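Enquirer: Before we start, here is the structure in question, set down as structure tokens.
The values are calculated or read from the model by the stated rules, or taken from the named source; none is laboratory data. This one's a predicted model, so the numbers in the text were calculated from it and none came from an experiment. Positions of Cβ are backbone-derived with ideal geometry, glycine not excepted, and every protein chain shown enters the neighbour counts. What goes into the accessible areas is simple: the full protein's heavy atoms, side chains included, and nothing from ligands, DNA or RNA. Shrake-Rupley method; radii C 1.70, N 1.55, O 1.52, S 1.80 Å.
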Amino acid sequence: MTDTSRQERLRNRVRAVARRVRRRWKAILLALLVVFAVVAVGVVIYLENPYRGDSDRLAAIEDRDDVFLEVEDGTYVLQGGEITDETVGLIVYPGARVHPDSYLWTLAPVVANEDVVVMIPEMPLNLAILDSSAADDVMDRHDGIDQWYVGGHSLGGAMACRYAARNDQRIDGVVHLASYCDESDDLRGTNLAVLSIQGTADGVIDRDTERANRHLLGDAAIVVEIDGMNHAQFGAYGDQRGDTSPTISDELAREQLIETLLEWLREETTGADTNAEKLVGTLP
């Protein structure tokens, strides 16, 4: 066999090996793409099936004559009457994978007792982190309201803090519900009023981080811990994975939550003497 023939056979073998390697890599790449697509679809399906509000409690909202519910471009709006010069807007970002209707029963007493409109925007894939500026659109659609507070539950509260830290001239305060600010979202340089309500039976929140980050709320912030309240009781969507069992009823949890929130709002919006010092610490 000549040298030319041996070189040709060697080149053919190299080309054959290269073809086999390419075919294997194509098969591996295709398999990875299939796995990624399946996982991505699964994640989207999971996120698009959030916790929903209890049907009986949603029906109770419809039966009330002092609370009215509308859905405006994906935002759930609770109000008790016509907008006035004194009306206060409270925007509440939902927790991760929690639908806005999960908070309607919980927050209905706010609008029934005060000139407050509660607005709960629906988030992309039910994650507030994907639209932390949702408050902008809500406020733009309701330019007749001058006083605004932005808050949220869990991840929604963290994103509300992010919005507030970057838009403190547009709002008056922040309301945390089983939530806290991240290190990058510092409210100490603002003049915002801040209320943080926590549950002592909350099994979802990172309790150590929440306590460590309280300094980010500012010296004037008010922190209230409701004894026996868990994470899911800030809404009305049933049990949540990872949460602990509450030691108080949903009704009592809501009563104390609304009492705290209303008293704080009255003092912040009207300057009325509501004995706010009793809010500091753990409610009985």
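Enquirer: Just the number please: accessible area per residue for segment 151-230, 1.4 Å probe, all protein chains included, in Å².
Expert: Numbers: 2910 Å² over 80 residues.
Each residue of segment 151-230 exposes 36 Å² on average to a 1.4 Å probe.
Enquirer: On to the next question. Would you work out which of Cys161, Ala201, His142 lies farthest towards the positive end of the dipole of segment 137-284? Charges go on Cβ: Lys and Arg +1, Asp and Glu -1.
Expert: Projecting each Cα onto the dipole axis, the largest value belongs to Cys161.
Enquirer: Moving to a separate point now. Residues with beta-carbon under 9 Å from that of Thr200, excluding Thr200: net charge, scoring Lys, Arg +1 and Asp, Glu -1?
Expert: On the way: positive: none; negative: Asp202, Glu225, Asp227.
With Lys, Arg at +1 and Asp, Glu at -1, the net is -3.
Enquirer: Can you send over the carbon and sulfur percentage of the accessible area for segment 97-250, probe radius 1.4 Å, protein chains only?
Expert: The value for segment 97-250 is 40 percent carbon and sulfur by accessible area.
Enquirer: If you don't mind, another one. Between Thr270 and Asp219, how high is the FRET efficiency from 1/(1 + (r/R0)^6) when r is the Cβ-Cβ distance and R₀ = 22 Å? Nearest 0.05.
Expert: Values: r = 23 Å, r/R0 = 1.02.
Efficiency, from the Cβ-Cβ distance: 0.45.
Enquirer: Can I ask one more? So what are the ³J(HN,Hα) numbers for segment 173-187, from phi and the Karplus equation (6.51, -1.76, 1.60; θ = phi - 60°), rounded to whole Hz, Gly and Pro as x?
Expert: Values per residue, Gly and Pro as x: x, 10, 10, 9, 10, 6, 8, 7, 8, 6, 4, 7, 10, 9, 8 Hz.
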